[in-house]
Amino acid sequence: MVVTLFWLEKAILILGILLILMSMIRYGRRSQDWRGVATMFFKRIPMTIEEYRRYRFGVALIVVAVLLRIVILTLWPTA
């Protein structure tokens, strides 16, 4: 079970990172504002609904992966 949760955590984390990268690339291609991609994390930029959904879902998946990691380390500290 620990091994399954370990791989599930890694898969969720990688999927979250990929979704964020996909939304950044789509924004950069659409707007041709590649400097805006760099400021995406601390400044509001005009994203489409699809870009914003992917970005927010990616962030949510990363948070879930971190919480899953905390649960795994709490319940099975030697694993």
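The values are calculated or read from the model by the stated rules, or taken from the named source; none is laboratory data. Every value quoted in this text rests on a predicted model; they were computed, and no experiment measured them. Heads up, the Cβs are rebuilt from the backbone with ideal geometry, glycines too, and the neighbour counts pull from every protein chain shown. Just the protein is used for accessible areas: all its heavy atoms, side chains included, with ligands, DNA and RNA removed. Shrake-Rupley method; radii C 1.70, N 1.55, O 1.52, S 1.80 Å.
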Residue list for region 24-48, filter: open to solvent by 80 Å² or more (accessible area, probe 1.4 Å) and in contact with a helix residue (DSSP H, G or I) (Cβ under 7 Å, 6 or more places away or on another chain): ARG26, TRP34
Mind checking which pairs have a first residue in region 44-68 that is outside the structural domain of LEU18 (by the TED database) and a second that is open to solvent by 100 Å² or more (accessible area, probe 1.4 Å), Cβ under 6 Å, 6 or more apart or different chains? GLU51/ARG26
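From the list LEU21, LEU5, which one is open to solvent by 80 Å² or more (accessible area, probe 1.4 Å) and either under 14 Å from the mean Cα position of the chain (by Cα) or at pLDDT below 90 (or both)? Spell out how you get there, then give the answer.
Numbers: LEU5 fails: open to solvent by 80 Å² or more (accessible area, probe 1.4 Å).
Exactly one of LEU21, LEU5 is open to solvent by 80 Å² or more (accessible area, probe 1.4 Å) and either under 14 Å from the mean Cα position of the chain (by Cα) or at pLDDT below 90 (or both), namely LEU21.
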